[in-house]
Amino acid sequence: MSIIEAIKTRNSNSVMTGAAVAPAQIKQILDAAVCTPVHHNTNPWRFLVIQGEGRQFLGDIMVNHLEKTMTNPEEPKNIALRNKLNKKPFRSPVIIAVAAAKPDDKKAIMIENVASAIAACQNILLAAPELGLSAFWRTGSFMYEADTAAALGFEEGAELVGLMYLGHPKKQMRPKSRETSDAYVRWLE
């Protein structure tokens with residue numbers, strides 16, 4: 001399959017089995033993830049591979065953030081919402097938290113490191129199907145809280161850019177129909 005065809009037919013598949021993903025496959029995917037452009041060669045990519053009970057730790061972080069937004073966390077509807085959120089990390093056997101490190105180089109700026117880490121997320125989405133795996137990308141307001149990156153053990157100043165859920169597909173998704181770029185392009189000649 002050509003690169004363009006792989007990009008155009010890529011689809012997020014969140015229906016996964018609980019089967020473990022081989023560490024060698026995770027390494028292949030992460031090796032592909034770091035093949036992104038980055039200004040000043042800052043190598044900003046930071047990854048945390050979350051498996052097993054580590055998923056419960058992530059769920060607890062998500063729930064703690066949600067509780068901060070609630071006036072009454074013990075209200076029955078809020079308890080149900082918390083329970084639902086706490087189960088989300090168990091949708092796949094592996095989650096890769098992706099962050100961008102703060103640049104050390106004074107010429108480098110953070111947005112360029114973030115852009116490179118986001119490109120790494122796209123590389124993960126494209127590499128997974130090549131290995132027979134499913135992947136989908138999730139974010140959420142809790143990721144952008146300063147204490148979330150620290151709670152996950154990322155160095156000071158790192159910014160989370162995505163949670164990449166990874167596993168074996170229960171079913172294959174049909175390729176997505178994509179629109180063309182026509183509605184979004186202007187030409188300056």
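Can you list residues from other chains, or at least 5 along the same chain, whose modelled amide H is less than 5 Å from the amide H of Gly162?
Val98
Write out the trypsin sites (Lys or Arg not before Pro) in the stretch 97-150 meeting two conditions: DSSP loop, and at most 11 other Cβ atoms within 10 Å of their Cβ.
Details: sites: Lys106, Lys107, Arg138; in loops: Lys106, Lys107.
Taking the stretch 97-150 and a limit of 11 other Cβ atoms within 10 Å, the loop trypsin sites (Lys or Arg not before Pro) found are Lys106, Lys107.
I need the phi-derived Karplus couplings for the stretch 56-65: 6.51 cos²θ - 1.76 cosθ + 1.60, θ = phi - 60°, integer Hz, Gly and Pro marked x.
Ordered by residue, 3J(HN,Hα) equals 5, 4, 5, x, 5, 4, 4, 5, 4, 5 Hz.
For Leu133, what charge total do you get from the other residues with a beta carbon under 15 Å from its beta carbon, if Lys and Arg give +1 and Asp and Glu give -1? Working shown, then result.
Values: positive: Arg10, Lys27, Arg91, Lys170, Lys171; negative: Asp31, Glu130.
Counting the neighbours of Leu133, the net charge comes to +3.
Give the separation of the Cα centroids, the stretch 124-166 to the stretch 1-80, in Å.
4
HN-Hα J couplings of the stretch 34-48 from phi, Karplus 6.51/-1.76/1.60, θ = phi - 60°, integer Hz, Gly and Pro as x?
7, 8, 10, x, 7, 5, 6, 6, 7, 6, x, 5, 10, 10, 10
For a quick check of your reading of the filter: which GluC sites (Glu not before Pro) in the stretch 54-136 sit in a DSSP loop and have no more than 14 other Cβ atoms within 10 Å?
Working: sites: Glu67, Glu74, Glu112, Glu130; in loops: Glu74.
For GluC sites (Glu not before Pro) across the stretch 54-136 that sit outside H, G, I, E and B with at most 14 neighbouring Cβ atoms in 10 Å, the list reads Glu74.
May I ask for the net charge around Ser2, where only other residues with Cβ less than 15 Å from the Cβ of Ser2 are counted and Lys, Arg are +1 while Asp, Glu are -1? Write down the numbers at each step before the final one.
Numbers: positive: Lys8, Arg10, Arg178; negative: Glu5, Glu130.
My count for the surroundings of Ser2 gives +1.
How much net charge surrounds Lys68 when only the other residues with a Cβ under 11 Å from the Cβ of Lys68 are counted, with Lys and Arg +1 and Asp and Glu -1? Don't skip to the answer; put the middle values down first.
On the way: positive: none; negative: Glu67, Glu145, Asp147.
Summing Lys/Arg as +1 and Asp/Glu as -1 gives -3.
Just need the relative contact order of the chain here, percent rounded to a whole number, with Cα pairs under 8 Å and 6+ apart.
Numbers: 304 pairs, mean separation 67.3, N = 189.
Worked out over the chain, it gives 36 percent.
Quick check on the chain: helices-only [θ] at 222 nm, where DSSP H runs of length 4 and up contribute -39,500 (n - 2.57) each and the sum goes over total residues. Nearest 500, please.
On the way: 6 runs with 72 residues, N = 189.
Helices in the chain give a 222 nm mean residue ellipticity of -12000 deg cm²/dmol.
Hey, of (i) 14.2; (ii) 20.9; (iii) 11.5, which did the structure itself give for mean projected area of the Cα convex hull in nm² when calculated?
Among (i) 14.2; (ii) 20.9; (iii) 11.5, the one derived from this structure is (i).
Tell me which residues come under 5 Å, amide H to amide H, from Ser134 once H is placed; ignore anything under 5 positions away on its chain.
Gly167, His168
Values in this text are rule-based calculations from the coordinates and carry no lab data. Computed from a predicted model, the values in this text were never measured in an experiment. We place every Cβ from the backbone using ideal geometry, glycine too, and count neighbours over all the protein chains shown.
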